[in-house]
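A quick write-up on the structure given underneath.
The values are calculated or read from the model by the stated rules, or taken from the named source; none is laboratory data. Quick caveat, the model's predicted, so the values are computed rather than measured. Here the Cβ positions follow ideal geometry from the backbone for every residue, glycine too, while neighbour counts run over all protein chains shown.
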Amino acid sequence: MHGLTKPMTSREVPAPPRKLKPRELAFARYIIQGATNHTKAAELAGYPSKSARQRAWELMRDKDVQSYIDLHINALQLPRAAIGAQTIEDLALNAEKEAVRLAAAKDLLDRAGYKAPDKHLHLHDGNLSINIDLS
């Protein structure tokens, strides 16, 4: 991936759950930035090439390193999610085709928690009464 010469600075990402060691922090930041693989991230973080693969495996199983990575990847996704929601809203309001507007509106309702049920279940107790008043 392009631009993986230096890890992000501490001002670009929130603090870790526990104070990670400098190489752990650098490893996590390279992963967040999209390092091509875990071994390469470990090497870039300063781990020896001979042990980088094993160290990357251990780091990816460390709950604090994983928590840090998850926290920051989620934080990076928020602006993208907002752009996606805005795009869907724009389609619901302005798309030329009615089918596109309807699909976008359904998607907005689904994301807001108002998804229509996929199947309908009707329960009847067996008693049916019909009254027709023709007066």
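Summary of values
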{"read-out": "Any chance Ser135 is modelled with pLDDT under 95 and of a type in the set (Ser, Thr, Tyr)", "value": "yes"}
{"read-out": "Count of residues meeting criterion [under 17 Å from Ala35 (Cβ atoms) and of a type in the set (S, T, N, Q)] in segment 52-97", "value": "2"}
{"read-out": "Candidates Arg29, Arg53, filtered to the one that is in contact with a Pro (Cβ under 6 Å, 6 or more places away or on another chain) and in contact (Cβ under 8 Å) with a residue 12 or more places away in the chain", "value": "Arg29"}
{"read-out": "Residue tally, condition touching a Lys or Arg at 6+ places or on another chain (Cβ under 9 Å) and either more than 30 Å from Lys21 (Cα to Cα) or at pLDDT 90 or above (or both), over segment 70-102", "value": "7"}
